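Student: If you scroll down you'll find the structure; I have some questions about it.
The values are calculated or read from the model by the stated rules, or taken from the named source; none is laboratory data. Please read these numbers as outputs of a predicted model, since none were measured by experiment. Counting neighbours? That spans all protein chains shown, and the Cβs are built from the backbone with ideal geometry, glycine included. We work out accessible area using only protein heavy atoms, side chains counted, and drop any ligands, DNA or RNA first. Shrake-Rupley method; radii C 1.70, N 1.55, O 1.52, S 1.80 Å.
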Amino acid sequence: MASVGRQDAGGEDRLSGLPDRTLGHILSFLPTMEAGRAAMLSSRWRDIFASVHTISYVELYDPKTMDTDTWSTFYFDSEERRSTNGNFLDEVNGALLCRRRCAGPETTPLRVFRVSFQDYHHWDKPMVDRWVTYALQQAGGEELHLDLRLHAGVACKCGRSAESDSYEEYFRRRRRRGGRQSSNRLPSRLFSCAALRSLRVAYCSLVPPEEISLPAVETLHLTGVRNPGATIQRLISACPRLVDLTLEGCPEARRVSVLDKRLRRLSLRCCQNLESVAVDASELVAFDYRGTVPPETLLTLHGTPRISSCTVEFCDRIKLFGEDELVRVRKLLDKFADAARYLRLGSRRLGCGMETESSFSGFPTFSALRRLELTGCPESRSTAIALARILEQTPILEALTLFMKPVDNNDPGSKDDVEGDMVTTTTTDAMADFPAQCLRHRLREFNLVHYGGNEAQRKVAEMVLGKALVLQKVCVVFPKAPVALQTSLMNEIKGWVVNKSAKMMFL
């Protein structure tokens, strides 16, 4: 690295001649461990780490910490009360001490402090408090971005494997043995930091003081926070410059109001008890929702909404869409139909319960939509007709991506769909007769991800490729399969493409 800036073999090292702050800024884009190793290059680089403005550590998964005997030895048998995160704590402490030791009269203020635990223990609290206090002190009046995640689990149980369920159950047992509900509280001084620009916390307890003042916070991400909804609302209200709000897995949140701010991005993920969210949508450009089918009163948009990017994903636990749920889905999507240019719609059971044409009679028309991503299980006999009806409502669509989820053999509903299907005459007729204005005149890009080539998937692919007259690019990603099968599927797809000049890519 020291030779990167040399003019010639005997020339001066111009890179090392740069100011400390510039070198520290460059090293800040490297992982913190790699940035620390730069001190070994030469004596010139020995103290450069003090000018690094980003400290980022993510604890890697260690199978030993999942072993009950190993954890019990640490908790019950060891004379020294030290959690299984000892090595991780030492790494973070080493980085902060090195930065402090190398500090000079013009030390670069800390700009980003990011720490992510696999599993936080209450013995770690004093150390974490010191880290946060140090980060707040080192901000130096400039911007500070704080990202503190005390647990690496999944905020919502939807769509998780048996392995991840046992993983979560293991952590619950550990917390019952040695955890304390109040041990993950953040320091009170955090809630009055004038330099804090973004705050991302996961599985932390928010117990703010009576007076909260976060005048510079623009980004607020709360994951797995189990504080009362009033506490979350107080925190939101204390951020006058808030533009990006994410609530994920916050079961205590009931009602949220963001009418006195101009949000640009709103994300609501797996907050199953959320009843209503009122937002000033005058400048809102992106909306992200994941969960069950929400009530009609969930989202109230004030002003003139111009949301251009929308993601709506329904939990995998939803087996069928009833008529009442379909009505609520349509009303939710209708809020974004006029301005959305990008839409991502996902559900494992996408299309279930939509066998008839009337099922989509009230589906909103996305008059400005350019890119559409659909995630679902095409093994259902009604997915093809659902796709056909959706495409009817996107007259100027230019790019279509289909993410095909595999069949869950442990799901009785999924098995019944496959056994009761392959593709019915009604479905085939519907696909053949629908107008497909966007396919004939607008669609230029088509992507198939995890294309396995079963009967329903083949009908969907044939429908799109056979009607897309101006298609320019086709990309197909196969799951792991024998080469002979992939070759057969490739040749079949090539035969369906009506525009032979389209570029094709198979992965």
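Student: Could you list all residues from the stretch 256-281 that are closer than 18 Å to Cys310 by Cβ, open to solvent by 50 Å² or more (accessible area, probe 1.4 Å) and either touching a residue at least 40 places away in the same chain (Cβ under 8 Å) or polar (S, T, N, Q) (or both)?
Tutor: Answer for the stretch 256-281, where residues must be closer than 18 Å to Cys310 by Cβ, open to solvent by 50 Å² or more (accessible area, probe 1.4 Å) and either touching a residue at least 40 places away in the same chain (Cβ under 8 Å) or polar (S, T, N, Q) (or both): just Arg269.
Student: With the structure loaded, tell me whether Ser488 is farther than 24 Å from Ile385 by Cβ, out of contact with any Phe, Trp or Tyr (no Cβ under 6 Å at 6 or more places or on another chain) and at pLDDT below 90 or whether it fails that test.
Tutor: Numbers: farther than 24 Å from Ile385 by Cβ: yes; out of contact with any Phe, Trp or Tyr (no Cβ under 6 Å at 6 or more places or on another chain): yes; at pLDDT below 90: no.
It is false that Ser488 is farther than 24 Å from Ile385 by Cβ, out of contact with any Phe, Trp or Tyr (no Cβ under 6 Å at 6 or more places or on another chain) and at pLDDT below 90.
So that you can scan it fast, the table gives a plain yes or no per residue for (1) among the acidic types (Asp, Glu); (2) open to solvent by 10 Å² or more (accessible area, probe 1.4 Å); (3) farther than 29 Å from Tyr203 by Cα; (4) part of a strand (DSSP E or B):
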position	(1), (2), (3), (4)
Leu247	no, no, no, yes
Ala253	no, no, no, no
Val312	no, no, no, yes
Leu333	no, no, yes, no
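Student: Then there's this: Only one residue in Ser116, Ser56 is over 28 Å from Pro19 (Cβ atoms), among the polar types (S, T, N, Q), modelled with pLDDT of 70 or more and within 30 Å of the chain's Cα centre (by Cα). Which one?
Tutor: Ser116
Student: List the helices (runs of 4 or more DSSP H) that sit entirely inside the stretch 344-463 and contain at least 2 residues that are under 24 Å from Pro294 (Cα atoms) and modelled with pLDDT of 75 or more.
Tutor: Here the list reads 383-392.
Student: Continuing with this model, one more query. Please specify each residue of the stretch 289-310 satisfying the condition of being part of a loop (DSSP other than H, G, I, E, B) and among the polar types (S, T, N, Q). Break it down stepwise before answering.
Tutor: Filtering the stretch 289-310 down to residues part of a loop (DSSP other than H, G, I, E, B) leaves 292-298, 303-308.
Of everything in the stretch 289-310, those that are part of a loop (DSSP other than H, G, I, E, B) and among the polar types (S, T, N, Q) turn out to be Thr292, Thr297, Thr304, Ser308.
Student: Any idea which of Glu248, Glu252 is of a type in the set (Asp, Glu) and touching a residue at least 60 places away in the same chain (Cβ under 8 Å)?
Tutor: Selected residue: Glu248, the only one of Glu248, Glu252 that is of a type in the set (Asp, Glu) and touching a residue at least 60 places away in the same chain (Cβ under 8 Å).
Student: Could you list all residues from the stretch 118-141 that are within 21 Å of Val52 (Cβ to Cβ) and touching a residue at least 24 places away in the same chain (Cβ under 8 Å)?
Tutor: Once the filter is applied, which keeps residues that are within 21 Å of Val52 (Cβ to Cβ) and touching a residue at least 24 places away in the same chain (Cβ under 8 Å), the stretch 118-141 yields Met127, Trp131, Val132, Thr133, Tyr134, Ala135, Leu136, Gln138, Ala139, Gly140, Gly141.
Student: Which one of the conditions (1) modelled with pLDDT of 80 or more; (2) open to solvent by 10 Å² or more (accessible area, probe 1.4 Å); (3) touching a Lys or Arg at 6+ places or on another chain (Cβ under 9 Å) does Ser213 fail to meet, given that it meets all the rest?
Tutor: Condition (3) is where Ser213 drops out.
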